[in-house]
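What follows is a short report on a single structure.
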């Protein structure tokens, strides 16, 4: 079963279950946060590709570290939501 089918089923059930509605709302917020991170990565990667920075330049390394940390935090958040 894919995530869209699960979400569709859950959305149908949310009318009956307030707890499920809250869970879906948390999941939706998390999905938007992940989308924001990915958009930022895409934008920053495009900018860095236009420069002469190599993959070991301090700006690139710092950016990758920050994104990695944010993605780890999001995975923990998604795991917590899934465990509810």
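Beta carbons closer than 9 Å, at least 6 apart along the sequence or on distinct chains, pair a first residue in the range 51-73 that is under 30 Å from residue 30 (Cβ atoms) with a second that is surrounded by fewer than 10 Cβ atoms within 10 Å (Cβ to Cβ) for 60/54; 61/55; 64/55. Residues in the range 32-84 that are closer than 20 Å to residue 22 by Cα, surrounded by 12 or more Cβ atoms within 10 Å (Cβ to Cβ) and over 12 Å from the mean Cα position of the chain (by Cα): 81 alone. Answer yes or no: is there a residue in the range 9-23 that is under 14 Å from residue 78 (Cα atoms), surrounded by 10 or more Cβ atoms within 10 Å (Cβ to Cβ) and in contact with a helix residue (DSSP H, G or I) (Cβ under 8 Å, 6 or more places away or on another chain). Yes, the range 9-23 contains at least one residue that is under 14 Å from residue 78 (Cα atoms), surrounded by 10 or more Cβ atoms within 10 Å (Cβ to Cβ) and in contact with a helix residue (DSSP H, G or I) (Cβ under 8 Å, 6 or more places away or on another chain).
Read-outs throughout are calculated quantities, based only on the coordinates presented, and are distinct from any laboratory measurement. Quick caveat, the model's predicted, so the values are computed rather than measured. Every residue, glycine as well, gets a Cβ built from its backbone with ideal geometry; the counts of neighbours run over all protein chains shown.
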